[in-house]
Amino acid sequence: MLDDERVVALTPAAARQGVQPGMRRGGVAAIAPGVLMLERDPAAEQAALDAAAQAVLHFTPRVEQAVGEHSLVLDIGASLALFGGPRNLGRQALARVRALGLRSRLGMAPTPAGARLLACRPGRRVRRRVLRLPALSPLLDTLPCPLLPAAGPYLDWLDNIGCHTLGDLRRLPRAGLQRRCSPALLQALDAAHGRASEGWRDFVPPAHFLDRCELSEHVDRSDAVRHPMDHLSARLCAWLDERQLAATRLVFGLEHERGRHARPPTSLELALAEPAWLPQHLDGPLRERLARTALPAPVIAVSLDVRDLAARPDRNAALFPDPAAIATDHGRLLDLLRARLGAEGVAQAAARADHRPEVANTWTAGPPASSGRAPPPPSVEPPCWLLSPPQLLDVRQDRPVHGSPLRLVHGPERIESGWWDRSWTLRDYFVAEDDRAVRYWIYRERDADPARWFLHGMFG
Amino acid sequence: MPTLPVPVHETIHPALWRGSQLAPRTGRCVATGHPRLDAELPGRGWPAGSLVDLLLPRPGIGEIRLLRPALASLPAHRRIVLLQPPLPPNIACWTAWGLDPAQLLWVRPRQPADALWAAEQILKNGSCGALLHWQAPVPHSGLRRLHLAAQSSDILFFMLRPSAAAGAASPAPLRLALEPARGGVRIALLKRRGPVCEQPFIVPLEPERRPPVPAPLSRHATLDRPAPAPSEPGRLAPALAG
């Protein structure tokens, strides 16, 4: 790993080939030509640290990221009882960070600075946990000076005067030390011993979920993308769980090959009528949505962006089914149906106040709605089904024919409306019956000569 | 030699009945609202959580009016799903029947396979009150699967199919063939848990004519109001007397 053309970190295998920290790129290439050199990526490091901070938010809302060093400080004073004591909590926190693929060391102390120093303490199998303040100071005194970041500029000088440990540093005259070094050094030392309070900047997790999953190979079948998507949605659910939130809209980005055949990522949006936070609730709609999607090009990575979040509804633990639970179930059903049939495949009534039947009979993909007041009820019962568009009927001997000549049973009901828009309607509606006693709703256009008859409705 | 008493069949198993009787009620049944039809159905109503086959020569012969009283008796928070109806449903009709149009859900899949899938999801989910499913050719395995899914719920599940399907086997415990008739619908019970019903019967459906709409003048309140009580001389209102 190179930073500013110098080696800053290396694997044991590289060290065996003679690579040392601080070497230049050319030097490394000369002595170990097989070593893979990577540029340091501060953004990726910060992202990893953010991910770790989010993972440990599980244990306490107070997490601080130390600037410039890769450490997290957790205030666990209030969480000890919940997670079964300091030892258990530490073990769980380490496991969570390890699950992200990161290696970490944990120090525990009554002061934040002390805990940080203990965590940075080099060596294996050394004591890193102190629970009581009186026991902390002797332990801190044995630590080497370079562990304290504030001592960085003065290390050579301190070394020269024989001051190697923090204990030596503490025994120096304070006034002289403050004059020769910066006040920050003394402050840091005092903070570690619990004699001065430190500022605390809480880590604020981002308000939305954004995650990405690189695929190891090019995937060109949509069902093969499901695995990384499931993985992402599982991570999303864990994230939602931490925040007691629920997602209402998920946007998956399927990234395609870069380079010459670069294409913009395919976006796969999943809007949920019922906020979901459990993998089994996301699974069905996701599967159906994916089955409906054709991939235009092979996919190399999948990202998930969730910005629309809602608070989780309060749940009532009821023995008997209650209407609220049915409404929730119904929302999930709608999500599932929409995922496979498309939004237009599921329609709900949105009646409009209009005398023209085809305008009044409006169905929407959204929630059921009714605009304005309904028109006054017609004198006969309206038909159950409407033909769209109306079907032109044959006319035989001035009588409309649908299979057999129709007999007018009821009517006319005159509709003259819509002169303000394009569909000016001049119609006389009749209820007609054929020779098998099936009833139809037909109309005659009044502005046509000879009269044209249309079948517009059927009685269920 | 003593003879063993013949056990009464009900004591052997509740689901057992004689061929000459209608089967006893096994699950929830919803009254059809037509006394003539109720008398012929086991359980005196439409069975909930079971596939009911309705075979129609063509849509629009009164099938919805036949189902209407049962649909109207559903609780308002449970939806009525119209799955793949042959024609767009008319909201005004449901409003005129006194049903809340917000209860309706019109599902229109693009392919027949999607319709069967949707029906199964709706039945499995169980949040809806009734499912009316129009489908022309259904494989037998599909019918069985839907019937099984229906049994796990308490949804009124009607499958409306063309009359040509009457000859094919169906797992539905109740099958009705409908024919248009003057003033109602003629019903032939093809299959039920009970004796064979040889004669088709006519179920009268209520006339489509609504009660006459009051004349426009009568919409206004009448002017004949009781006159206020005349004030009596010599008696002060209590507020003044105070």
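The values are calculated or read from the model by the stated rules, or taken from the named source; none is laboratory data. None of these values were measured; they are calculated from a predicted model. Quick reminder, even Gly has a Cβ in these numbers, built from the backbone with ideal geometry, and neighbours come from all protein chains shown. Side chains are part of the model used for accessible areas, which takes the heavy atoms of the whole protein and leaves out ligands, DNA and RNA. Shrake-Rupley method; radii C 1.70, N 1.55, O 1.52, S 1.80 Å.
General observations
- Charge context of residue B:165, other residues only, Cβ under 11 angstrom, K/R +1, D/E -1: +1
- Distances between placed amide hydrogens fall under 5 Å for residue A:107 paired with A:119, all partners being 5 or more residues away or on another chain.
- Evaluating 6.51 cos²θ - 1.76 cosθ + 1.60 at θ = phi - 60° for every residue in the stretch B:32-44, the Karplus couplings come out as 6, x, 10, x, 5, 6, 3, 5, 9, 9, x, x, 6 Hz, glycine and proline recorded as x.
- Annotation: per residue accessible area for the protein assembly as shown equals 54 Å², rounded to a whole number [probe 1.4 Å, protein chains only].
- Fully extended contour minus Cα-Cα distance, from residue A:261 to residue A:171, at 0.36 nm per residue: 25.7 nm
- Förster radius 25 Å - calculated FRET efficiency between residue A:243 and residue A:48, Cβ distance, rounded to 0.05: 0.75
- Under a 5 Å amide H cut-off, with hydrogens placed 1.01 Å from N, residue A:414 pairs with A:429 among residues at least 5 apart or on other chains.
- Simple spin-label estimate for residue B:39 and residue B:73 in nanometres, 7 Å along Cα-Cβ: 1.7 nm
- Interchain or long-range residues, amide H under 5 Å from residue A:308's placed H: A:248, A:249
- For the peptides A:259-271, B:168-180, the ranking by packing is B:168-180, A:259-271, with the highest mean count of neighbouring Cβ atoms within 10 Å listed first.
- Span-like helix check, chain A: qualifying full DSSP H segments, with Cα axial length of 20 Å or more and mean Kyte-Doolittle of -0.5 or more, are A:42-56, A:323-341.
- Within the protein assembly as shown, helix-based [θ] at 222 nm, where runs of 4 or more DSSP H residues each add -39,500 (n - 2.57), nearest 500: -8000 deg cm²/dmol
- Three semi-axes describe the equivalent ellipsoid of chain A; taken as square roots of 5 times the Cα gyration tensor eigenvalues and ordered largest first, they are 75, 27, 18 Å.
- Rg followed by Dmax, in Å, when the stretch A:353-460 is reduced to its Cα trace: 14.5, 48
- Whole-percent carbon and sulfur share, accessible surface of the protein assembly as shown, 1.4 Å: 55 percent
- Using θ = phi - 60° in the Karplus curve 6.51 cos²θ - 1.76 cosθ + 1.60, the 3J(HN,Hα) couplings for the stretch A:438-446 round to 8, 9, 10, 10, 10, 9, 10, 6, 7 Hz; x is entered for Gly and Pro.
- When accessible surface is computed with a 1.4 Å probe, chains B and A are found to bury approximately 4500 Å² between them, both chains counted.
- Between residue A:31 and residue A:201, the modelled label-to-label distance comes to 3.8 nm, taking each label 7 Å out from Cα in the direction of the beta carbon.
- The stretch A:252-272 residues near the modelled residue A:235 label - backbone nitrogen below 19 Å, point 7 Å along Cα→Cβ: A:252-257, A:265-270
- Using every pair of separate Cα atoms, the Kirkwood estimate puts the hydrodynamic radius of the stretch A:58-192 at 16.0 angstrom.
- Partner chain coverage, peptide B:92-103 - average Cβ within 10 angstrom: 6
- Contour minus Cα-Cα distance for residue A:426 and residue A:343 (0.36 nm per residue): 26.5 nm
- Cα→Cβ-extended label distance, 7 Å offset, between residue A:435 and residue A:13, nm: 9.1 nm
- Highest-first arrangement of A:419-425, B:186-192, where packing means the average Cβ count within 10 Å: B:186-192, A:419-425
- Taking all protein chains as they are arranged and a probe of 1.4 Å, the heavy atoms of residue A:447 leave approximately 100 Å² accessible to solvent.
- In plain terms, the chain from residue A:213 to residue A:408 could stretch by 63.4 nm, reckoned as 0.36 nm per residue minus the Cα-Cα distance.
- DSSP bridge orientation in the protein assembly as shown - percent antiparallel, rounded to nearest 5: 75 percent
- Averaged over the residues of B:122-133, the number of partner chain Cβ atoms lying within 10 Å of the residue Cβ comes to 3.
- Look at the stretch B:71-81: the mean tally of other chain Cβ atoms within 10 Å of its residues' Cβ atoms is 2.
- Alpha-carbon Rg with Dmax, taken over the stretch A:210-341, Å: 16.1, 60
- Packing, taken as the mean count of other beta carbons within 10 Å per residue, orders the peptides A:125-136, A:244-255 from highest to lowest as A:244-255, A:125-136.
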